[in-house]
Structures are given as C-alpha cells and as structure tokens.
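Everything below concerns the one structure shown next.
The values are calculated or read from the model by the stated rules, or taken from the named source; none is laboratory data. Note that the structure is a prediction, hence the values are computed from the model and not measured. Note that we place each Cβ from the backbone using ideal geometry, even for glycine, and neighbour counts take in every protein chain shown.
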Amino acid sequence: MSIGITAMGLLVGFLVGLTGVGGAALLTPILIVAGIHPAIAVGTDLVYNAITKFFGTIQHYRQKTINLKLVKYLAMGSVPGAVIAIGILHTFNAVFHNQEQIIKHALGYVLILVAVATLFRTFFDKKIKETRWALKPLEDKRSLTIVIGAVLGFIVGLTSIGSGSLFALAMLYLYRMVASELVGTDIAHAFILVTVAGILHAGLGNVDYLLVGNLLTGSIPGVLIGSALSAKLPTKPLRAVVSAIIFVSGLKLI
C-alpha cells in the first residue's frame, strides 16, 4: 500500500511539474478510486497541499511576486467560506449520514469546472483583453474580491479542489498582474486557504498522516522531474490531455 501510494504521488507530482495543472484535481479522485473514503481523501489532500504550497509561498515571497493586499481580500472571503462548507459537511454527516454522496457529487461537478477552466487558460489566456474590471484599482473591487473568495473558498472546503485553478482564472480575468505575480499571489492565498481547511478537517479526524507522508515521498521528486522536462516537451497538448482525464473523472463521480 505504501509503495502504491508513493508511486501515485510520484505520478501526480510528475504531471503537476510537467503541465502546471493542479495536484488536487488529479489526486483527490485517484484516492477515492483507490478506496479511500471521500472525507479522508479531501482532508488528506488539503494537508498535503498545505505543505507543498508552503514552500512555493516562501519562494515567491523572496521573489517579491505576491500581491499581499489581494491575498488578504481573497482570504477574508475564502477562509469563512471554507469553514462554512466543512461545518455543513459535518452537520449533514451527523444528521443525514450522507457525507460521502455529497462529497462525490460536489467533487464531480467541480472537476468538470476545473477541467474547463484549465483548458480555457491553456488556449485562451493570452487572448483575454483587459476588461473594465481589470483596469479598476483593487480597492474599488474589495467587495467583489471578498465575494469571489467566499464562493471559491466554499468549493475548496467541500472538495479540496480549486485553490489554484479556479482562483487563478478569476485573477486572470479581473485583476491586472504580470504572470509571475499572478502565480505567486495564487500560491500564497492557496496556502492560507488549504492550511485552515486542512486543520479543520484534521480536527474532525479526516486526515491520514501516513498517507500524506507517502504522497510527499513520491510527489517531491515527481515535481522536480516533471519541472525539469517541462521546458523540453510541448505542455499545451499535455495539459489538454490531463484536463480531459479530469473531465472524465468528474463525469464518473456525478
């Protein structure tokens, strides 16, 4: 089991490093298919994500590629959104005992959304023209930013998915940033969000720490190998293939 999970982490890390597609969208459905309870899969993935995002946040902070004010406004919405989602999950499980069905169905719909968002970013991100919203100062979009954070934070708390891909798409369309700042801001905010959500899931007993360790053992070298090869291989077709796999995984879970 440990060797299999480590190999799974290696594969997911390799694909993330190679294509840049979010690890949670790949990892969570694989864990469920492997027989992990959906709640454990979500909680474990959040803690695993928090650890990986931590190192990315440090690197981007050193590079000064984080918009701290945007991170703050997004977190003001996303953290309460995630808390509400996890509270609802716990309540429904205690009253209706249908937590597994809720997570699977929510996961299916979000996977489809993430697949579409990833394809959009892959093929159309450079064609997006600056909108009137992107040209407005951040302070004028404070309320909108908090609402976006709340909606997407709720989704992340429920499924562990979207902390990167969905927020990145929102930032790409609504905020004026260079590519490096968009990535850094996305990772820094995702670290805060998945850390809080992961702690809450851990408090509910939804985290398998041995599983986290096995996944990290495989994914760290996987990310390094994938990242090294990304400059030598065409990433757009690979992203499209991975997005198609995520889309099919979503359909199977609905």
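With Ile51, Ile40 as the choices, which residue is out of contact with any helix residue (DSSP H, G or I) (no Cβ under 7 Å at 6 or more places or on another chain), in contact (Cβ under 8 Å) with a residue 60 or more places away in the chain, under 20 Å from Gly162 (Cβ atoms) and of a type in the set (A, V, I, L, M)?
That would be Ile40, the only listed residue that is out of contact with any helix residue (DSSP H, G or I) (no Cβ under 7 Å at 6 or more places or on another chain), in contact (Cβ under 8 Å) with a residue 60 or more places away in the chain, under 20 Å from Gly162 (Cβ atoms) and of a type in the set (A, V, I, L, M).
Only helices (runs of 4 or more DSSP H) wholly contained in region 89-199 count here; list those with 1 or more residues that are small (Gly, Ala, Ser) and under 21 Å from the mean Cα position of the chain (by Cα).
Passing ranges, in order: 99-124, 142-159, 165-174.
In region 55-76, which residue that is among the aromatic types (Phe, Trp, Tyr) and surrounded by 14 or more Cβ atoms within 10 Å (Cβ to Cβ) is nearest to Ser163 (Cα to Cα)?
Tyr73
For region 84-125, which residues satisfy the criterion of being under 27 Å from Val248 (Cβ atoms), without any contact (Cβ under 8 Å) to a residue 24 or more places away in the chain and not hydrophobic (A, V, I, L, M, F, W, C)?
Selection gives Asn98, Gln101.
Where the second residue is not in a helix (DSSP H, G or I) and the first is in contact (Cβ under 8 Å) with a residue 24 or more places away in the chain and lies in region 165-180, which pairs have Cβ atoms under 7 Å and are six or more apart or on separate chains?
From residues that are in contact (Cβ under 8 Å) with a residue 24 or more places away in the chain, the pairs are Ser165/Gly22; Met171/Met177; Leu172/Ile128; Tyr173/Ile128; Tyr173/Thr131; Arg176/Glu130; Met177/Asn67; Ser180/Thr65.
Does Ala190 count as touching a helix residue (DSSP H, G or I) at 6+ places or on another chain (Cβ under 6 Å), closer than 29 Å to Ile3 by Cα and modelled with pLDDT of 85 or more?
Considered against the rule, which asks whether it is touching a helix residue (DSSP H, G or I) at 6+ places or on another chain (Cβ under 6 Å), closer than 29 Å to Ile3 by Cα and modelled with pLDDT of 85 or more, Ala190 comes out as yes.
Suppose we filter Gly153, Gly157, Gly184 for residues that are crowded, with 20+ Cβ neighbours inside 10 Å, of a type outside the set (Ser, Thr, Tyr), under 21 Å from Thr65 (Cβ atoms) and touching a residue at least 24 places away in the same chain (Cβ under 8 Å); which single one remains?
Going through Gly153, Gly157, Gly184 in turn, the sole match is Gly184.
Six or more apart or on different chains, Cβ under 8 Å: which pairs go from a residue in region 1-26 that's modelled with pLDDT of 85 or more and surrounded by fewer than 21 Cβ atoms within 10 Å (Cβ to Cβ) to one that's among the hydroxyl-bearing types (Ser, Thr, Tyr) and in a helix (DSSP H, G or I)? Could you list them?
Final answer for the pair search is Thr6/Thr217; Leu10/Ser219.
I want to confirm something. Restricting to region 80-125 and keeping residues that are in contact with a Phe, Trp or Tyr (Cβ under 8 Å, 6 or more places away or on another chain) and among the small types (Gly, Ala, Ser), which single residue is surrounded by the most Cβ atoms within 10 Å (Cβ to Cβ)?
Step by step, filter region 80-125, then rank; the result is Ala82.
When you check Ser227 against the structure, is it out of contact with any Pro (no Cβ under 9 Å at 6 or more places or on another chain), of a type in the set (Ser, Thr, Tyr), assigned to a helix (DSSP H, G or I) and modelled with pLDDT under 90, yes or no?
yes
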